[in-house]
Amino acid sequence: MNLISIRDLDKKEIEKILDLSEEMAAGKIKRKYDKILATLFFEPSTRTRLSFQAAALRLGMSYLDFSPETSSLKKGETFTDTIKVISGYADVLVIRHPKEGTARLAGDAIEKPVINGGDGGNQHPTQTLIDLFTIRKTKGKISNLNVSLLGDLKHARTMQSLVYALAMFGAKITLISPKGLELDPTLIKEVEEKFDAKIKTKSELSFNDADVLYVCRIQEERFADPYEAKRIKEQFMLKSEHLKNTKKDLVILSPLPKINEISHEIDANNKAKYFEQAHYGVPVRMAIIDYLLGRQTRN
Amino acid sequence: MNLISIRDLDKKEIEKILDLSEEMAAGKIKRKYDKILATLFFEPSTRTRLSFQAAALRLGMSYLDFSPETSSLKKGETFTDTIKVISGYADVLVIRHPKEGTARLAGDAIEKPVINGGDGGNQHPTQTLIDLFTIRKTKGKISNLNVSLLGDLKHARTMQSLVYALAMFGAKITLISPKGLELDPTLIKEVEEKFDAKIKTKSELSFNDADVLYVCRIQEERFADPYEAKRIKEQFMLKSEHLKNTKKDLVILSPLPKINEISHEIDANNKAKYFEQAHYGVPVRMAIIDYLLGRQTRN
Amino acid sequence: MNLISIRDLDKKEIEKILDLSEEMAAGKIKRKYDKILATLFFEPSTRTRLSFQAAALRLGMSYLDFSPETSSLKKGETFTDTIKVISGYADVLVIRHPKEGTARLAGDAIEKPVINGGDGGNQHPTQTLIDLFTIRKTKGKISNLNVSLLGDLKHARTMQSLVYALAMFGAKITLISPKGLELDPTLIKEVEEKFDAKIKTKSELSFNDADVLYVCRIQEERFADPYEAKRIKEQFMLKSEHLKNTKKDLVILSPLPKINEISHEIDANNKAKYFEQAHYGVPVRMAIIDYLLGRQTRN
């Protein structure tokens with residue numbers, strides 16, 4: 001079994017992984033897998049690569065680290081050949097690749113479980129599971145929460161999956177993004193119909209009703225005009241003043257890294273939970289590996 | 001004890017390593033070494049580096065990974081100094097280096113076992129052991145098999161060792177290579193005399209008698225004229241049409257990576273065993289490490 | 001507890017770590033920590049990185065390796081954010097950084113123990129502990145030994161800490177360095193007063209009284225004039241002739257790498273103990289990790 005897109009999982013399966021993550025976080029489950037995880041990152045990554053390796057280690061596994069710089073890809077080998085070869089060395093593969101669809105391609109080419117660690121602007125299902133887990137952990141539930149998503153919702157890798165999953169779990173979603181960087185309207189329509197959800201959009205940075213505020217990166221490269229980029233980034237940067245009338249128990253999340261999306265002084269605000277969220281990467285990824293390996297064995 | 005060249009081993013020792021590889025592949029032997037393997041790759045490598053690390057992990061060992069990019073070699077340290085220092089951190093060292101003779105040099109400088117992971121165009125003994133193992137595993141034996149070697153037999157790192165070892169085991173060898181890229185005639189003469197072998201050479205890509213077809217890379221850099229390179233590569237590329245009248249149980253091998261040496265549709269042909277061959281890298285390298293560490297302890 | 005500077009430790013604590021190192025080197029202590037060490041090297045390093053990883057493995061731990069090349073720092077993330085995130089993946093962090101004060105900054109930002117693996121020209125406390133251990137191991141004691149320090153004592157990362165620690169332990173220090181590359185006189189004065197020590201300086205390369213000769217690198221980049229650099233390096237290079245009238249049991253040490261500071265033929269001289277010193281990196285770093293993790297648990 002592979003984990004390529006959050007859409008590969010139904011609500012029950014997601015809940016099972018979140019429950020398993022909970023037990024992993026609490027140290028209730030001790031696994032001692034005699035298995036190897038291979039991390040194959042064709043793009044830079046701190047969080048996803050290291051937290052998957054940490055998750056493997058915490059499960060008693062070990063890891064192999066493949067990076068394209070020191071590989072035969074330089075000699076012109078195809079991606080599929082590389083994956084096929086490495087599938088003989090490891091028991092689970094995590095793949096990040098700048099090109100959309102590559103994780104699915106890898107999953108189809110080999111028999112070992114493949115986890116998508118992010119493919120282009122497409123999918124990043126393990127991040128979405130971490131996001132859901134952090135919301136559930138900090139707020140006790142997901143359904144009926146007011147969740148505001150702020151930033152570049154068009155290009156942010158995780159936003160499409162997150163909106164899909166939040167709607168599935170009955171959250172009330174509000175979208176706030178610069179002009180031209182809105183979430184794909186086809187997705188909004190699909191999600192509203194499928195889950196009987198109502199997704200709001202607005203333009204001002206006010207979060208008075210919000211239970212959760214999720215802040216995404218705005219990448220300057222997305223703008224033709226650097227002055228416009230700077231102006232928009234400044235305008236959409238989350239500052240302390242925006243938090244004045246927010247709920248006491250508001251939770252601020254971010255997939256990180258943050259560059260100028262969140263003003264530094266907010267780090268010290270106890271509403272900021274993005275470092276905690278990053279740390280949940282380990283138990284959630286432990287749960288994902290355990291879930292896939294467990295299913296592997298049972299099938 | 002070191003493994004620098006296939007010539008360091010006699011027939012009995014090779015057979016012992018192949019038998020040990022067989023047991024490793026079958027999972028019959030469980031080792032739990034409390035030891036560290038260091039991989040020192042001064043050249044890019046996917047297969048050799050990762051399969052050695054996987055082999056170490058499967059033996060219960062752990063690994064350290066040295067790469068010249070993040071090292072003091074940049075500051076001007078000599079190769080021997082680097083090796084001497086690292087020999088204090090690990091129990092076995094695998095070294096790949098672009099310069100011939102470097103693995104031998106390292107083996108002489110330190111007391112820990114050194115395994116040659118390929119030194120320039122010179123030696124790559126563990127690849128040869130994997131090749132022999134794969135032939136024996138897929139064909140049941142090596143002696144009296146018709147083995148055809150196709151491609152650049154002059155520069156391919158593993159060909160000199162493989163021809164030597166195949167002749168030692170009584171295989172009937174046929175060489176097919178572009179003009180100017182033939183196997184060193186001194187080696188042919190030596191091997192024929194030493195093992196009472198008869199090595200054939202031909203120029204057409206017909207493999208009707210072959211039990212094993214081993215396909216090597218043809219590197220464009222070896223040609224002065226890029227058009228000539230392209231023409232030769234195209235002419236020596238293995239295509240489905242070349243397999244029409246071959247034996248039903250022909251086995252196609254390659255050290256990989258393959259770029260254009262083997263047409264992609266052959267991957268799906270069940271005569272193609274090169275991915276299986278790549279995967280045997282792990283049990284064979286487990287056997288090699290076990291053999292060296294075992295001998296180490298006994299001495 | 002962190003280890004940022006040798007000044008964080010008093011004499012008793014240093015002695016405890018040296019005793020612990022002794023037991024680690026003798027294999028008397030077996031630890032089986034179920035913990036993860038993270039190595040974060042923002043500068044190239046062979047010795048420090050690999051020997052810390054080896055130390056972790058020898059303690060039954062595993063390691064995560066962070067390098068800035070494959071990270072989100074490229075996207076503009078702050079150092080502190082990176083450290084905060086990684087602190088959630090590991091149990092101890094070793095940090096090397098070209099900027100002075102970074103290790104202290106990291107130690108203040110997170111709750112997990114931080115070990116300074118060298119910050120700019122500032123501190124490198126674990127190297128100093130290895131130096132002290134090697135002296136005590138090879139000479140039986142530190143106090144009252146004649147220790148000569150040769151080379152660029154101004155920029156060498158470890159010299160300030162080493163002089164401080166040697167004086168603390170009652171060694172008699174002689175400094176020999178090129179003009180302009182002398183040890184900071186403020187430090188000399190401080191150390192002389194604090195430990196009632198007398199530090200000699202001289203200019204000729206004669207070591208007749210020396211029990212220990214510690215040779216530092218002279219980096220050409222420190223000179224404006226490359227001809228001057230070459231002349232000085234040649235003049236301060238340790239050659240066999242300098243060893244003629246030295247004590248029979250003189251011990252020559254170096255933090256390594258050595259480029260042209262020590263003539264190659266000295267490697268074979270049994271007074272040269274710098275490779276042994278490098279190998280002691282493992283037991284001493286095992287002791288340091290064990291000491292920090294032990295204290296962590298007790299507090």
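Each reported figure results from applying straightforward, stated rules to the coordinates on display, with no laboratory input. Fair warning: this is a prediction, and the values are worked out from it, not measured in the lab. Cβ placement follows ideal geometry from the backbone for every residue including glycine, while neighbour counts extend to all protein chains displayed.
General remarks:
- Nearest-ten-degree value, helix A:281-298 long axis tilted from longest Cα axis of chain A: 40
- If a spin label sat at a point 7 angstrom from the Cα of A:THR138 along the line to its beta carbon, the backbone N atoms of the range A:185-226 nearer than 11 Å would be those of A:211-215.
- Based on the reciprocal of the average 1/r between different C-alpha atoms, the Kirkwood radius for the range A:125-278 equals 15.5 Å.
- Here the 3J(HN,Hα) profile of the range B:17-26, calculated from phi with Karplus coefficients 6.51, -1.76 and 1.60 at θ = phi - 60°, is 5, 5, 5, 4, 4, 4, 5, 5, 4, 7 Hz, Gly and Pro shown as x.
- Under the shape rule built on the C-alpha gyration tensor, where the axes satisfy a ≥ b ≥ c, the protein assembly as shown is oblate, since a/c reaches at least 1.5 while a/b does not exceed b/c.
- Volume of the Cα convex hull of chain C, divided per residue and given in Å³: 139
- Two-decimal Rg to Rh for the range C:149-200 - Kirkwood Rh, Cα set: 0.93
- Per residue of A:272-278, other chain Cβ atoms within 10 Å of the residue Cβ number 3 on average.
- Paired Rg and Dmax values of the range A:1-46, which use every Cα atom, in angstrom: 13.9, 34
- Copy-to-copy label separations for A:LYS230, where each label sits 7 Å from Cα toward Cβ, in nm and ascending: 4.7, 4.7
- For C:LYS172, the residues whose amide H sits under 5 Å from its own are C:ASN144, C:LEU145, C:ASN146, C:VAL147, ignoring neighbours fewer than 5 places away on the same chain, with H placed 1.01 Å from N.
- Using every pair of separate Cα atoms, the Kirkwood estimate puts the hydrodynamic radius of the range A:189-299 at 16.9 angstrom.
- Between A:ILE115 and A:LEU3, A:LEU93, A:VAL94, A:ILE95, the built amide H atoms are under 5 Å apart, and every one of these is 5 or more places off in sequence or on another chain.
- Extreme residue, positive dipole direction of the range C:125-278, given options C:LEU162, C:THR134, C:TYR274 (C-beta unit charges): C:THR134
- Residue with peak Gaussian network fluctuation, chain A [Cα springs, cutoff 10 Å], from A:ILE232, A:ILE17, A:ILE252: A:ILE232
- Remark: mean inter-chain Cβ contacts per residue of A:55-63 equal 4, using a 10 Å Cβ-Cβ cutoff to other protein chain atoms.
- Modelled FRET efficiency - R0 60 Å, C:LYS16 with B:SER206, Cβ distances, 0.05 increments: 0.20
- Dipole magnitude (debye, nearest 20) for the protein assembly as shown, charges at Cβ of Lys, Arg, Asp, Glu: 1740
- Per-residue mean of foreign Cβ neighbours for C:82-88 is 6 (Cβ atoms of other chains, 10 Å radius).
- Measuring against 31 Å, Cα to Cα, the residue pairs B:LYS11/B:LYS273; A:LYS75/B:LYS30; A:LYS35/A:LYS137; A:LYS244/C:LYS35; B:LYS99/C:LYS35 contain A:LYS75/B:LYS30; A:LYS244/C:LYS35; B:LYS99/C:LYS35 as the ones spanning a longer distance.
- Inter-copy separations for A:GLU190, label at 7 Å along Cα-Cβ, nm, ascending: 6.3, 6.3
- Other copies of C:LYS12: label-to-label distances in nm, shortest first, labels 7 Å along the beta-carbon direction: 6.4, 6.4
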